[in-house]
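Below you'll find the structure, written out as structure tokens, and then a few comments.
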Amino acid sequence: MPDLHDLSALEQARLVRSREVSPVDLVDHYLDRVERLSDGVGAFVTVTADAARAAAKTAERAVTDGMDVGPLHGVPTAIKDLNLTAGVATTLGSKVFAGWVPELDDHVVTRLRAAGTISLGKTSTPEFGLPCYTEPDVAPPARTPWDLSRSAGGSSGGAAAAVAAGLLPFAQGSDGGGSIRIPASACGLFGIKPSRGRVSNGPLNAEVSGLAVMGPLARTVRDAAAMLDAMAGPMPGDPFWAAPPATSFLAAADRAPGRLRVGRYADPVLGHPLDPQCRAAYDGASALLETLGHEVVDIPRPYGDELLEPFKTVWSVSAAGVPVPPEGVDHIRALTRALRDRGLATSAVEFNAAMFALRLASRQAIVATSGYDAVLTPTLAQLPRAVGGFRNDADPWADFDDQVAFTPFTAPYNMSGQPAVSVPLHWTPDGLPVGVQLVGRPADEVTLVALSAQLEAARPWADRRPPMW
């Protein structure tokens, strides 16, 4: 048998159900790897070894007692440190919250536990999830296992680093401007940003912009689809509800997508150039789609540069919504402070105008691309940066603008609420992964999953492993 971490999540779960592998064995195997490797890639901020081992014993008893268990029963995972976990520290990537232990779980945590997955702890995130690099004060920087001098991206950087380094088979992430797709590209993973309302952000999240959603990071499309099945579903009181899919996402991964019409664009944003390797990934994906029988059509970029300022306004108000205690203000990062100060200075009228601009542009873009089953773009405009390469405490707005140049293609689909994925189809000559983004029609993750699975079958990537594997 291969090493346990060589197996996909669904393969591990199948072995658990057949009693060939115990959940205890899986948890111990991954905890050993976490202990040895986590700090080197900046994956975990908190490890809950005792709780994970206790949950593994409970999962093992369920199998030996002949209970009906689900497709992910007994498989390890972890929760992003932005999500509430009852009895487990939730730092939000900030030393201001380093001692905070919530009394309740986010609904997504409850759903993943109900699916039988076992959390090993909390994966690292930048302060309040605001930047696209994961270098918090409370944990080592998250690094892509493909080149430890480079960032894993963010804000789900710890989750992506953990999966790419074989510390987890899959992990929960969240995405408010690209925070699943960015680290998926940097770490050679498949990541799904679901539709707005697909996964509940309750019970406490009161963020009103609708930008942020939660989704999976995994090495295979089928694993990500199964994890999304476990996470998905509205809860009473949710402000957004996505139309239910016609089939499970896992079933979608096992069906042919049919011949699709795919629009594509890679126009420069704000004049920023596209790295040649990102262009090569985009062109290679276009050619692969055509080889598979799909129609690929060049389209105009459906979003204009004028949306950056209203997005900054909305992002800043979201930053200001984090309840930082007065005594903690002096301890937040320079970028966090700049965003927070702008948010606190924004009037209700200004915020409403910014939201109107984003939503009007989103409606227009959805109409403009409605004749396509999917839209292809680069995921990132540049290769992963060196660790520390973005941070600019002397000029935090230069830091922010540098991030925009790095990842100009992801945030528009947080604005529109459409599902989007990053697919790892390309590696540079020196071994860095480069993802491409596919965007679906509103509430149509099913088509994206089916298409991504077809691409994976045509150009498999799961057997590519970083040197530290």
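The values are calculated or read from the model by the stated rules, or taken from the named source; none is laboratory data. Values in this document were obtained by computation on a predicted structure and should not be read as measured data. For neighbour counting, all protein chains shown are included, and Cβ atoms are generated from backbone atoms with ideal geometry for every residue, glycine included. The protein model used for the area step is the full one, side chains on, heavy atoms only, and it has no ligands, DNA or RNA in it. Shrake-Rupley method; radii C 1.70, N 1.55, O 1.52, S 1.80 Å.
Key figures for this structure:
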item: Option label - Cα Rg over 2.2 N^0.38 Å computed here, alternatives [x] 0.90; [y] 0.95; [z] 1.03; result: [x]
item: Long-range amide H partners of S119 with built H, under 5 Å; result: T77
item: Whole-number percent relative contact order across the chain, with pairs defined as alpha carbons under 8 Å at least 6 apart; result: 17
item: Built amide H within the under 5 Å cut-off of T134, gap 5+; result: A142, A152, G153
item: For the chain, share of DSSP beta bridges that run antiparallel, in % to the nearest 5; result: 70
item: Accessible area per residue in Å² at 1.4 Å probe, computed on the chain; result: 36
item: S18/A98 FRET efficiency (R0 60 Å; Cβ-Cβ; nearest 0.05); result: 0.90
item: Full-stretch length increase - E309, D137 - with 0.36 nm per residue and alpha-carbon distance subtracted; result: 59.1 nm
item: Within the range 2-18: backbone nitrogen closer than 16 Å to the T64 label point (7 Å, Cα to C-beta); result: 16-18
item: Spacing of the two label points (7 Å from each Cα toward its C-beta) at R359 and R279, in nm; result: 3.9
item: Chymotrypsin sites (Phe, Trp or Tyr not before Pro) within the range 238-310, DSSP loop, no more than 15 other Cβ atoms inside 10 Å; result: F240, W241
item: Label-point separation in nm, W469 to D430, each point 7 Å along Cα→Cβ; result: 2.1
item: Set of the range 229-260 residues, backbone N closer than 18 Å to the point 7 Å along the Cα-Cβ line of E290; result: 259-260
item: With every protein chain in place, the chain: carbon and sulfur % of accessible area (1.4 Å); result: 54
item: Net length gained if the chain between D3 and V367 were fully extended (0.36 nm per residue, minus Cα distance); result: 126.2 nm
item: Contact order relative to length of the range 192-240, as percent, for alpha carbon pairs under 8 angstrom and 6 or more apart; result: 51
item: Distance in nm between pseudo-label sites at R459 and D395 (7 Å out along the Cβ direction from Cα); result: 3.7
item: The range 397-469 and the range 320-379: distance between their alpha carbon centers, rounded to Å; result: 21
